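Visitor: Before I ask anything, let me first share the structure, which is written out below as structure tokens.
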Amino acid sequence: MRQKLTNALVRDTLPLPNGKQLWVKDLDPKGRSLFVLISPKGAKTFYLCRRINGKLKRYVLGRFPEISVKAARDLASELNIQIDSGKLIDTTSQRKEKQKRNFEWLFNEYLENHAKKYKKTWKTDISMYENHLKQLGDIDIYSITRAAVTKLHTKIGNTGKTYLANRCMALARSVFNYGIKELELEINNPVQFIKFYKEQSRERFLSKVELPKLLISIEQEESGKIRDFIFLALLTGQRKGNLLSMQWKDIDFDLETWKIPETKNGKSHEVPLLKEAIQILQRRKDSGFCETYVFPGKSSGHMNDPKRGWKRILKRAGIENLRIHDLRRSLASWMAITGTDIQVIGKTLNHLSPETTAIYARLNSDAVRDGMEKAVDTMLSFKG
């Protein structure tokens, strides 16, 4: 069968009713020797079929719809040029090497040579790949189309996890860009023109009604380590990861400060410690739980994410849809409520931006401490 192949034609062509394979040759001049094979079960695969030294050779180009007709023509054209120039050698080793050039191979190159060196969140990248992007893993990188990644993006988004869907696509885009820029692969980035879901910044913080309930529930928590951790998250407004990895060597009890060596923005940050935070830390220090970490793990290192303890606290308080990170927003919100200048709040949370960096440089820790004290005194007053 001979036809000028189009995506619609390939999509709508049905298998032969007699259970035999159907070969359709492309009549477009750009698709010289390009065929699509339609199996009895409906699978559609593009091939380049050429006679070389009197022997028929078939080269698999990819499967529809993961690879489009245009992409198949482009691949066929490249192979034809190589065959005509005598540069294409069809050896077993070459075929095996080509099979390695799938998305999983490219992701691993990106992970080992870029993410692990420059990204703190590389473990999150692994999780996103294993749980979602692995569906692209076996596909040849030259065959992955925008339609394929759009389909995956929609599939994840349809579960209600639109933010996750966007993050997965952002990671895939970075992986392809790494291949193009660093490995000099002659591929297009299929994620480049994907339309991401709209995202709204999360504005959740503790209300006047929720605050006393949470404070009471924290005090009722049976795990002292969880109780202290959650209180410090509320009292300092710092990120969960920094709190988990807090070390005694970074705490100055005389100056009542906590020096975070490196934060999310790559810079160090000095946090004023209020009297309530100092009391918690002094108690933990005197108990001698660990010489290194304020919140040690069960065997070694520091404590893991206290998800179960946090769920217990929220359940007792009758509060829903609140994350530990929202305690950071809560401190900032209550600082604003009690009249603290927005630039001082930014300094407290270690937020940097080109417009405010110069102003931050002129702020001293006393202004931050005063703002935090006003907010914390007001928040803790709800305990009654």
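The values are calculated or read from the model by the stated rules, or taken from the named source; none is laboratory data. What you are looking at is a predicted structure, and each value in this text was computed from that prediction instead of being measured. All Cβ positions, even for glycine, are placed from backbone atoms using ideal geometry, and neighbour counts span all protein chains on display.
Visitor: Is it the case that some residue within the stretch 227-239 is assigned to a loop (DSSP other than H, G, I, E, B) and surrounded by fewer than 15 Cβ atoms within 10 Å (Cβ to Cβ)?
Guide: From the stretch 227-239, those assigned to a loop (DSSP other than H, G, I, E, B) are 237-239; that's our starting set.
Add one more test, that the residue is surrounded by fewer than 15 Cβ atoms within 10 Å (Cβ to Cβ), and what stays is none.
No.
Visitor: Right, here's the next one. Looking at Glu130, Glu109, which one is exposed (fewer than 13 other Cβ atoms within 10 Å of the Cβ) and either in the same structural domain as Asp74 (by TED's automatic domain parsing) or under 30 Å from Ser68 (Cβ atoms) (or both)? Walk me through how you get there before you give the answer.
Guide: Details: Glu109 fails: exposed (fewer than 13 other Cβ atoms within 10 Å of the Cβ).
Testing whether each residue is exposed (fewer than 13 other Cβ atoms within 10 Å of the Cβ) and either in the same structural domain as Asp74 (by TED's automatic domain parsing) or under 30 Å from Ser68 (Cβ atoms) (or both) leaves just Glu130.
Visitor: Could you grab me the full set of residues in the stretch 235-255 that are closer than 16 Å to Arg369 by Cβ and in contact (Cβ under 8 Å) with a residue 12 or more places away in the chain? Quick ask: steps written out before the conclusion?
Guide: So in the stretch 235-255, the residues closer than 16 Å to Arg369 by Cβ come out as 235-238, 251-255.
Selection gives Leu235, Thr236, Gly237, Gln238, Ile251, Phe253.
Visitor: Something else: Looking only at the stretch 191-224, filter to residues that are of a type in the set (D, E, K, R) and buried (at least 16 other Cβ atoms within 10 Å of the Cβ); which one of those is modelled with the lowest pLDDT?
Guide: First, pick out the residues of the stretch 191-224 that are of a type in the set (D, E, K, R): 195, 198-199, 202-204, 208, 210, 213, 219, 221-222.
Restricting the remaining residues to those that are buried (at least 16 other Cβ atoms within 10 Å of the Cβ) gives 210, 213, 221.
Details: Glu210: 90, Lys213: 93, Glu221: 94.
Selected residue: Glu210.
Visitor: Follow-up question, since we're still on this one. Among the residues of the stretch 175-190, count how many are crowded, with 18+ Cβ neighbours inside 10 Å and of a type in the set (S, T, N, Q). Let's see the steps before the verdict.
Guide: Initially, the stretch 175-190 is screened for residues crowded, with 18+ Cβ neighbours inside 10 Å, giving 175-176, 178-179, 189-190.
Checking the rest, the ones that are also of a type in the set (S, T, N, Q) come to 189.
Final tally of qualifying residues: 1.
Visitor: How many of the residues in the stretch 249-296 are among the basic types (Lys, Arg), exposed (fewer than 13 other Cβ atoms within 10 Å of the Cβ) and closer than 16 Å to Leu235 by Cβ?
Guide: Number satisfying all stated conditions: 2.
Visitor: Given the criterion part of a loop (DSSP other than H, G, I, E, B) and either in contact with a Cys (Cβ under 7 Å, 6 or more places away or on another chain) or farther than 24 Å from Leu61 by Cα (or both), identify the matching residue among Thr124, Thr154, Thr159.
Guide: Numbers: Thr124 fails: part of a loop (DSSP other than H, G, I, E, B); Thr154 fails: part of a loop (DSSP other than H, G, I, E, B).
When all the criteria are applied, what remains is Thr159.
Visitor: Of all the residues that make up the stretch 284-335, how many are among the β-branched types (Val, Ile, Thr) and within 27 Å of the chain's Cα centre (by Cα)?
Guide: Narrowing the stretch 284-335 to residues among the β-branched types (Val, Ile, Thr): 292, 294, 313, 319, 324.
This time we only want the ones that are within 27 Å of the chain's Cα centre (by Cα), so: 324.
Here the count works out to 1.
Every residue, every condition in (1) closer than 20 Å to His302 by Cα; (2) within 26 Å of the chain's Cα centre (by Cα); (3) without any contact (Cβ under 8 Å) to a residue 12 or more places away in the chain; (4) not assigned by TED's automatic domain parsing to the domain that holds Lys374, yes or no:
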| position | (1), (2), (3), (4) |
| --- | --- |
| Phe205 | no, yes, no, yes |
| Lys225 | yes, no, no, no |
| Ala233 | yes, yes, no, no |
| Gln279 | no, no, yes, no |
| Gln282 | yes, no, no, no |
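Visitor: Considering only residues that are over 18 Å from Leu61 (Cα atoms) and modelled with pLDDT under 90, look in the stretch 4-51 and name the one that is surrounded by the most Cβ atoms within 10 Å (Cβ to Cβ).
Guide: Of everything passing the filter in the stretch 4-51, Pro40 is surrounded by the most Cβ atoms within 10 Å (Cβ to Cβ).
Visitor: Tally the residues that are more than 18 Å from His269 (Cβ to Cβ) and crowded, with 18+ Cβ neighbours inside 10 Å, restricting the search to the stretch 327-346.
Guide: Residues flagged as more than 18 Å from His269 (Cβ to Cβ) and crowded, with 18+ Cβ neighbours inside 10 Å within the stretch 327-346 amount to 3.
Visitor: Given the options Leu14, Leu37, Leu56, Leu48, name the one that is part of a loop (DSSP other than H, G, I, E, B) and aliphatic (A, V, I, L, M).
Guide: Leu14
Visitor: Still on this structure, I have one more. Among Leu322, Leu331, which is assigned to a loop (DSSP other than H, G, I, E, B), among the aliphatic types (A, V, I, L, M) and in contact (Cβ under 8 Å) with a residue 60 or more places away in the chain? Talk me through it step by step, then tell me what you get.
Guide: On the way: Leu331 fails: assigned to a loop (DSSP other than H, G, I, E, B).
It is Leu322.
Visitor: Take the stretch 130-146 and flag every residue that is not basic (Lys, Arg) and not in a loop (DSSP other than H, G, I, E, B).
Guide: Step one: filter the stretch 130-146 for residues not basic (Lys, Arg), giving 130-133, 135-145.
Once the filter is applied, which keeps residues that are not basic (Lys, Arg) and not in a loop (DSSP other than H, G, I, E, B), the stretch 130-146 yields Glu130, Asn131, Leu133, Gln135, Leu136, Asp140.
Visitor: If Pro261 satisfies every condition in (1) more than 30 Å from Asn166 (Cβ to Cβ); (2) touching a residue at least 12 places away in the same chain (Cβ under 8 Å) but one, which is the exception?
Guide: That leaves (2) as the condition not met.
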